[in-house]
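Enquirer: Below are the structure tokens for one structure; questions will follow.
The values are calculated or read from the model by the stated rules, or taken from the named source; none is laboratory data. Not measured: the values here are computed from a predicted model. Note that each Cβ is placed from the backbone with ideal geometry, even for glycine, and that neighbours are counted across all protein chains shown. When the accessible area is computed, the model is the full protein with side chains, heavy atoms only, and any ligands, DNA or RNA have been set aside. Shrake-Rupley method; radii C 1.70, N 1.55, O 1.52, S 1.80 Å.
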Amino acid sequence: MIGQKEGGNQAASDNGGAALLALLAMMAAGSVVLLAWQALTSQPARFAGITIDRLSASLTLLVAAVGVVTFRFSQRYLVGEAGRQRFLRQLAFVMAAAYVLMLSSNLLLLFAAWSLTSLGLHMLLTHYQDRAEARRPARKKFLISRLGDLALIAAIALVWRHWDTLDLYIFLERVAVSPKNAAATPVGILVVLAALTKSAQFPFHSWLPETMEAPTPVSALMHAGIINAGGALLLRFAPLIVRVPEALFALAFIGTLTIAVGTLAMWAQVKVKHTLAWSTVSQMGFMMVQCGLAAFPAALLHILGHGCYKAWSFLKSGEVPPPMPCIRFVPPSRRLTLAALGTSLSVPGMVLASWVTGFSPWHSPGELALSVIVAMSLGQFWVAWLGPSAEGCARTMLRIAGTLLSTFVLVTVVFTLYRGASVFLEPVLGDLPVPSGPMAWSAAILPILVLVLLTLIQAFLPVLGHTSLGRALYTHALHGFYFGAVADRVVDGIWKRFFTPTKEVARA
């Protein structure tokens, strides 16, 4: 009898999981249809606070695809666990809330989906409620999310008061007609603050690398989907953000700082998941920089590409890694020479690619900065391919020719993607003004300077490792420069004061 009862419970659980998986699959299929329809017509459809356009169709496709893969993985991953069905229901709830969030154009509906996504993620992060290591970062994330909620609802209240609407698109149309409204700046700053808290930007970032106690599917869902909600919010408010220079500069400045902290910490990690988590922090910083440069189409490409990559990376992180090949030491002088050579030789390729694709780096300070960053990335491509010395002159020349050809191909592909994304999003974003002036140029120069500094540090890391300064840098970077410890003290104080019962505080 007991065996029959357990078998019946397992069958009911499997049936419920199959139903939820079918629902997520329908969402993914619906997003494919919507995206195809938008690609053909470019006409948005609006009803009941929902807007279907090219941007929302792209984002919902990412959400649904990651959801289907993660849910199917979870069904196998949690076989035999008592809380399996509860976890699957919570996972489906989060995906549904995120799906609605990407489609919402009514600001109250958007806020409701924004908050429900965060609350659902909190339930997933505390799936193993008996583990203190899981509760502490979840509390930190909970409080940071409430700060983002306050910022977003304050922005919505200002929109209602000064523009007399709760429809996002009506609001953006009125902003375009009268951009001098004094309330535009505080609304833009509040939206930026909400996005920073959602996407784990400095100083709100430390919870993300600490949430490793949750099941692996939660990490995949969080790093591939939910963490992109801040960028999705900025894309929705892009016609406002681009008209607020202070908001653009804040995004570029904080995103650049997050890139620096995340990259240095990532280099120091020794565990796969921690390396991936700090990589996400750094990548989200770059996404914020792209928004700060007003390169919103590039930010959308980054969200889609990074989401797919991180879902794949986390879901395979439990596999035994293959044997690593012997890594040859590349002297700093050789690394820097190759990086400079690759960066320089990418410039002729950019000129040709600009002529072929129609993407002009000179269109704005932000697009010029983005092009310089692409050139620097190609410089690192040269280091990766030509850094280890090849044996034989003929083999060396063949590798150089292949790297040179690949440089021209890659820059053409990147410019084609940027130009294509701009054309694809033009019906959604409209004709945005081009940022100019000291703030725009400062926002463009700052990330370039920091990336140059990181390139120099990376080149000299093998040498710095033998010095006291390098060992100190490694120790501090391994612990995330202790921002998490500072945040823990603040969160513990707030949690004990406002969220812990009096008797429990007394026992503590």
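Enquirer: Counting only protein chains, not ligands or nucleic acids, how are ASP167, ASP149, ASP130 ordered by accessible area (probe 1.4 Å), most first?
Expert: ASP130, ASP167, ASP149
Enquirer: Gap in Å between the Cα centre of segment 184-256 and the Cα centre of segment 84-137?
Expert: 17 Å
Enquirer: Contact order normalised by length for segment 257-318, with contacts defined as Cα pairs under 8 Å and 6 or more residues apart; what percent is it?
Expert: On the way: 44 pairs, mean separation 19.8, N = 62.
Dividing the mean separation by the residue count of segment 257-318 yields 32 percent.
Enquirer: Please list 3J(HN,Hα) in residue order for segment 122-136, calculated via the Karplus relation 6.51 cos²θ - 1.76 cosθ + 1.60 where θ = phi - 60°; whole Hz, with x for glycine and proline.
Expert: Running phi through 6.51 cos²θ - 1.76 cosθ + 1.60 with θ = phi - 60° gives 4, 5, 5, 5, 9, 4, 8, 6, 7, 9, 4, 5, 8, 6, 5 Hz.
Enquirer: Follow-up. Give a residue-ordered list of calculated ³J(HN,Hα) values for segment 466-474 (Karplus: 6.51 cos²θ - 1.76 cosθ + 1.60, θ = phi - 60°; whole Hz; x for Gly, Pro).
Expert: The phi angles translate into 9, 10, 5, 5, x, 5, 5, 4, 4 Hz.
Enquirer: Further question: So, in nm, how far is label LEU449 from label HIS476 when the simple model puts each one 7 Å beyond its Cα toward the Cβ?
Expert: Label-label distance for LEU449 and HIS476, simple model: 1.9 nm.
Enquirer: Another question, if that's okay. If you place +1 on the Cβ of every Lys and Arg and -1 on the Cβ of every Asp and Glu, how big does the dipole about the Cα centre of the chain come out, in debye to the nearest 20?
Expert: In debye, rounded to 20, the chain gives about 920.
Enquirer: If you don't mind, there's one more thing I want to ask. Taking the Cβ of LEU107 as the centre, find all other residues whose Cβ is under 12 Å away and add up their charges (Lys, Arg: +1; Asp, Glu: -1).
Expert: Neighbour charge sum, excluding LEU107 itself: 0.
Enquirer: Can you pick out the pairs among LYS141/LYS198; LYS198/LYS310; LYS198/LYS496 whose Cα atoms lie more than 21 Å from each other?
Expert: On the way: LYS141/LYS198 9 Å; LYS198/LYS310 17 Å; LYS198/LYS496 23 Å.
Beyond 21 Å: LYS198/LYS496.
Enquirer: Could you state the per residue volume, in Å³, of the convex hull enclosing the Cα atoms of the chain? Could you put the intermediate results ahead of the total?
Expert: Numbers: hull volume 94.0 nm³, N = 508.
Cα convex hull per residue, to the nearest whole number: 185 Å³.
Enquirer: Leaving out ligands, DNA and RNA but keeping every protein chain, what accessible area does TRP160 have, in Å² rounded to the nearest 10, with a 1.4 Å probe?
Expert: Accessible area of TRP160: about 140 Å².
Enquirer: So for the pair PHE460, LEU417, with labels modelled 7 Å out along Cα→Cβ, what separation do we get in nm?
Expert: 3.2 nm
Enquirer: Give the residue list of trypsin sites (Lys or Arg not before Pro) in segment 157-202 that are DSSP loop and have at most 13 other beta-carbon atoms within 10 angstrom. Mind showing how you got there, number by number?
Expert: On the way: sites: ARG161, ARG174, LYS180, LYS198; in loops: LYS180.
Counting only loop positions with at most 13 other Cβ atoms within 10 Å, the trypsin sites (Lys or Arg not before Pro) in segment 157-202 are LYS180.
Enquirer: Tally Lys and Arg at +1 and Asp and Glu at -1 over the other residues with C-beta under 13 Å from the C-beta of ASP488: what net charge comes out?
Expert: Cβ neighbours under 13 Å give a net charge of +4.
Enquirer: For segment 426-433, what does the Karplus curve 6.51 cos²θ - 1.76 cosθ + 1.60, with θ = phi - 60°, yield as ³J(HN,Hα) per residue in whole Hz, taken in order and with x for Gly and Pro?
Expert: 4, x, 8, 7, x, 8, 7, x
Enquirer: State, as an integer percentage, the relative contact order of the chain based on alpha-carbon contacts under 8 Å between residues 6 or more apart.
Expert: Numbers: 653 pairs, mean separation 74.0, N = 508.
So the answer I get is 15 percent.
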